[in-house]
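Inspection log for the structure reproduced underneath, given as structure tokens.
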Amino acid sequence: MDEEFRSLTDRIVGEAGESEALRLLLATEDHEELAQVLVEREHPLWAREIAAFRLGCRGDRRAFEALVLLLNHRDPERCVSAAHALRLLGDPRTPRAAAALATNSMRTAYALHPVRLLTALRAPESVPALVSTLHRLLNPDEPHWRVALACVEGLGDLEDGRARPVLEAALPHPRLGTAAAAALSRLPAG
């Protein structure tokens, strides 16, 4: 059991208790049984999360939609688990979905994990989405500065020269300036 699955299991036990349904979902190796949980109506969120996580980590693309919904959940721990499974899933739709979530101005409060996932994916969509999101969040009074900081750090990790203008614009920001300077130092000369 990897660390992410152990963390998910510990959290879900607190939510679901020691139910028989939980025990069965954690024990089954049947992909069809897990996939059925994603489409049947009566299953609680924790059951869907376990099924999607387990299928996603095994590369079963039937988990994609559920994982994307969980990536944009108000509970950060659900977002972390979903991002982990989406990375392992390897679905080509993931970068576009993460970019859509990261750039959605109505969901900025929940964009931290989509931003981090975009950085980890290093997909063609990553830099444009992070630049767009960061540009929108450069107001010094921005309440979602942690999302902006994740964008700055992600752009530094991606080392793409297209990020230079927005990183330079972030330099005077009181919470972003140090990270923006570090990110700029990682960009290719140009």
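The values are calculated or read from the model by the stated rules, or taken from the named source; none is laboratory data. The model shown is predicted, which means the values in this text are computed figures rather than measured ones. Neighbour counts run over all protein chains shown; Cβ positions are idealised from the backbone, glycine included. These accessible areas exclude ligands, DNA and RNA; they are computed on the full protein's heavy atoms, side chains included. Shrake-Rupley method; radii C 1.70, N 1.55, O 1.52, S 1.80 Å.
Observations on the model:
- Inter-residue pairs, beta-carbon under 7 Å, first over 19 Å from ARG78 (Cβ atoms) and in segment 1-29, second surrounded by 12 or more Cβ atoms within 10 Å (Cβ to Cβ), 6+ apart: THR28/LEU34
- Among the residues of segment 30-44, the one identified as among the hydrophobic types (A, V, I, L, M, F, W, C), in contact (Cβ under 8 Å) with a residue 24 or more places away in the chain and within 20 Å of ASP75 (Cβ to Cβ) is LEU38.
A quick yes/no check of all residues on (1) of a type in the set (Lys, Arg); (2) in contact with a strand residue (DSSP E or B) (Cβ under 6 Å, 6 or more places away or on another chain); (3) more than 29 Å from LEU130 (Cα to Cα); (4) open to solvent by 70 Å² or more (accessible area, probe 1.4 Å):
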| position | (1), (2), (3), (4) |
| --- | --- |
| GLU42 | no, no, yes, yes |
| ARG54 | yes, no, no, no |
| CYS57 | no, no, no, no |
| ARG61 | yes, no, no, yes |
| GLU77 | no, no, no, yes |
| ASN104 | no, no, no, no |
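- Selection status of ALA97, open to solvent by less than 50 Å² (accessible area, probe 1.4 Å), in contact (Cβ under 8 Å) with a residue 24 or more places away in the chain and over 30 Å from GLU142 (Cα atoms): no
- Members of segment 19-40 found to be surrounded by 21 or more Cβ atoms within 10 Å (Cβ to Cβ) and within 23 Å of the chain's Cα centre (by Cα), listed by number: LEU34, VAL37
Residues are listed down the side, and each one gets a yes or a no for (1) modelled with pLDDT under 95; (2) of a type outside the set (A, V, I, L, M, F, W, C):
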residue: SER7; (1), (2): yes, yes
residue: SER19; (1), (2): yes, yes
residue: HIS31; (1), (2): no, yes
residue: LEU34; (1), (2): no, no
residue: VAL37; (1), (2): no, no
residue: ARG74; (1), (2): yes, yes
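- Taken over segment 126-158, the residue count meeting the criterion of being closer than 18 Å to ALA99 by Cβ, open to solvent by 30 Å² or more (accessible area, probe 1.4 Å) and not charged (D, E, K, R) is 5.
- Restricting segment 118-161 to residues that are of a type in the set (Lys, Arg) and farther than 25 Å from GLY90 by Cβ, the residue that is farthest from the chain's Cα centre (by Cα): ARG136
- Evaluated against (1) open to solvent by 70 Å² or more (accessible area, probe 1.4 Å); (2) touching a Pro at 6+ places or on another chain (Cβ under 6 Å), ALA123 falls short on exactly one condition, (1).
- Screening LEU167, LEU171 for residues that are open to solvent by less than 10 Å² (accessible area, probe 1.4 Å) and free of Cβ contacts under 8 Å to residues at least 40 places away in the same chain leaves exactly one candidate, LEU167.
- Members of segment 174-190 that are open to solvent by less than 20 Å² (accessible area, probe 1.4 Å) and of a type in the set (A, V, I, L, M): LEU176, ALA180, ALA183, LEU187
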